[in-house]
């Protein structure tokens, strides 16, 4: 294969990639939002699941007043007793840059409903056993819930053109009103678009040079043949 053909192939590939990146950078969104239903669907994938001696059955998500509330139904075995409970927690979004993924951390975890061996325990009733089970379950539930949420990203940036741009432009992840909002820097998006545009200009110049010098790359082959 001649140098000229290789050059045309490289120019064509770089041109197509740069054009795709430029179009997305110019017309792509600078903000992504996720509703409570979307987040809940992601968190409930692969449930029920047992992790650290706790079986998480379902996670309910509610978004309101710039806060995210989690209600988690779980089962465990505490002090040789089968226990089921509903636990509430405050969800805190966390962006892991090295994984390019968004997770939720659980904060302010509280046991809202508790049943021991099928018997519902209301308030502080149930005597010493119920109090001991509640205290032990608090620690077990916190450990299991946090471990589960650490394995379930609610959004992961893909390793494609769009992902490359988003990784460079992401500036904030927050709960806003009734959505999880992921915000990207317009300046970073603009700079990315400028780089793609510059690449396209260079590609255009190379194409122009190849057209003006139709024998480039072919003379070397002819000289080799003569030799």
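The values are calculated or read from the model by the stated rules, or taken from the named source; none is laboratory data. Bear in mind that the values here come from a model prediction, so they are computed numbers and not experimental data. We place every Cβ from the backbone using ideal geometry, glycine too, and count neighbours over all the protein chains shown.
Observations
- Criterion (out of contact with any helix residue (DSSP H, G or I) (no Cβ under 7 Å at 6 or more places or on another chain), within 19 Å of residue 147 (Cβ to Cβ) and in contact (Cβ under 8 Å) with a residue 40 or more places away in the chain) met by exactly one of 32, 74, 43, 47: 43
- Scanning region 102-129 for residues that are more than 23 Å from residue 48 (Cβ to Cβ) and touching a residue at least 24 places away in the same chain (Cβ under 8 Å) turns up 102, 129.
- Residues in region 117-139 include at least one that is in the same structural domain as residue 100 (by TED's automatic domain parsing), at pLDDT 60 or above, touching a helix residue (DSSP H, G or I) at 6+ places or on another chain (Cβ under 7 Å) and surrounded by 13 or more Cβ atoms within 10 Å (Cβ to Cβ).
- Within region 158-169, not a single residue is under 30 Å from residue 45 (Cα atoms), at pLDDT 65 or above, touching a strand residue (DSSP E or B) at 6+ places or on another chain (Cβ under 7 Å) and not in a helix (DSSP H, G or I).
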